[in-house]
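These notes are about the structure you will find just below.
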Amino acid sequence: MEWITHEERSLYESPWVSLGLADVEVPGGPRFDHHVVHMSPAAAVIAHDPGRGVLMLWRHRFITDTWGWEIPAGRVEADEDVEEAARREAVEETGWAPNELVPLVKFFPVNGISDHEFHIFVTNGATHLGEPSDPSEADRIEWVPVDELRRALAAGEVHDGLTLTSLCYLLAIGVPA
């Protein structure tokens, strides 16, 4: 059944996130306030090279105080499309320019409270351009063999939801040749 939204008012806004309070009604049920988090879409790249594996960042996230593997990803700016954003983020964070990007999957990670949408691309290989332009993104950047990624996933070394979902999706449908 489709809920009815009567109105939404803003509680907080910044360039990164906004928080709203929606007045919603469940047909035949109650009417109540529901928090809604609005964020710009995000785009990411799984750069796979058959001889090297997947291009990954090993990084710390202060909010959860965790270290883990992540794929290059970030916010889609207002003046770019999702493919441009994915390519820009890969270069900024890793120093590697992805080859042709192929859409893999898009999803809403927490659609019960947020409209944040992730757009994931896959590419077969990448060209090294030099050092990343944003060295604060990762402690190290590595091509991780697919078998090692499977081990890292099983060992709980991938905490980032975007990365976890994207890699599992890719492994479920098959890594490109």
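For every residue, the table says whether it meets (1) among the aliphatic types (A, V, I, L, M); (2) assigned by TED's automatic domain parsing to the domain that holds Glu148.
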| site | (1), (2) |
| --- | --- |
| Ser14 | no, no |
| Val17 | yes, no |
| Val26 | yes, no |
| His60 | no, yes |
| Ile71 | yes, yes |
| Asp81 | no, yes |
| Leu101 | yes, yes |
| Leu104 | yes, yes |
| Phe107 | no, yes |
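Tally up the residues in region 152-175 that are within 18 Å of Gly51 (Cα to Cα) and modelled with pLDDT under 95, please.
We begin by selecting, within region 152-175, every residue within 18 Å of Gly51 (Cα to Cα); these are 167, 170-171, 174-175.
From what's left, modelled with pLDDT under 95: 170-171, 174-175.
Number satisfying all stated conditions: 4.
Mind listing whichever residues of region 42-51 are outside any strand (DSSP E or B) and at pLDDT 95 or above? Break it down into steps so the answer makes sense when it comes.
Quick first cut of region 42-51, residues outside any strand (DSSP E or B) only: 50-51.
None; the set is empty.
Is there a residue in region 127-139 that is in a strand (DSSP E or B), at pLDDT 95 or above and not small (Gly, Ala, Ser)?
Looking through region 127-139, at least one residue is in a strand (DSSP E or B), at pLDDT 95 or above and not small (Gly, Ala, Ser).
In this structure, is Met1 within 14 Å of the chain's Cα centre (by Cα) and either modelled with pLDDT of 95 or more or more than 25 Å from Asp147 (Cβ to Cβ) (or both)?
On the way: within 14 Å of the chain's Cα centre (by Cα): no; either modelled with pLDDT of 95 or more or more than 25 Å from Asp147 (Cβ to Cβ) (or both): yes.
No: the conditions fail for Met1.
Of all residues being of a type in the set (Lys, Arg) and not in a strand (DSSP E or B) in region 140-160, which is nearest to the chain's Cα centre (by Cα)? Just the residue, please. Working first, answer last.
If we filter region 140-160 for residues that are of a type in the set (Lys, Arg), which is where we start, we get 140, 150-151.
Still in the running and not in a strand (DSSP E or B): 150-151.
Numbers: Arg150: 19, Arg151: 21 Å.
Once the filter is applied, the top-ranked residue is Arg150.
Can you name every residue in region 61-76 that is surrounded by fewer than 12 Cβ atoms within 10 Å (Cβ to Cβ) and touching a residue at least 24 places away in the same chain (Cβ under 8 Å)?
Listed by number, the list holds a single entry, Thr64.
Would a scan of region 28-36 turn up a residue that is surrounded by fewer than 14 Cβ atoms within 10 Å (Cβ to Cβ) and among the β-branched types (Val, Ile, Thr)?
No; the residues of region 28-36 include none that is surrounded by fewer than 14 Cβ atoms within 10 Å (Cβ to Cβ) and among the β-branched types (Val, Ile, Thr).
Go through region 148-172 and report how many residues are out of contact with any Leu (no Cβ under 8 Å at 6 or more places or on another chain) and among the aliphatic types (A, V, I, L, M).
5
Ala90 - would you say it is under 12 Å from Thr163 (Cα atoms), touching a Ser or Thr at 6+ places or on another chain (Cβ under 9 Å) and not assigned by TED's automatic domain parsing to the domain that holds Glu13?
Working: under 12 Å from Thr163 (Cα atoms): no; touching a Ser or Thr at 6+ places or on another chain (Cβ under 9 Å): yes; not assigned by TED's automatic domain parsing to the domain that holds Glu13: yes.
Here the answer is no, as Ala90 does not meet what is asked.
How many of the residues making up region 17-41 are in a loop (DSSP other than H, G, I, E, B) and farther than 13 Å from Ser114 by Cα? Give the derivation first.
Residues of region 17-41 that are in a loop (DSSP other than H, G, I, E, B), as a first pass: 26-30, 40-41.
In the following step, the residues that additionally are farther than 13 Å from Ser114 by Cα were identified as 26-30.
Of the residues in that region, 5 qualify.
In a strand (DSSP E or B) and either within 14 Å of Val54 (Cα to Cα) or outside the structural domain of Ile71 (by TED's automatic domain parsing) (or both), is that true of Val122?
So Val122 fits the description; yes.
Is there a residue in region 83-98 that is loosely packed, with under 15 Cβ neighbours inside 10 Å and of a type in the set (A, V, I, L, M, F, W, C)?
no
The values are calculated or read from the model by the stated rules, or taken from the named source; none is laboratory data. All of these numbers come straight from a predicted model, not from anything done at the bench. Don't worry about glycine lacking a Cβ; one is built from the backbone with ideal geometry, like all the others, and counts go over all protein chains shown.
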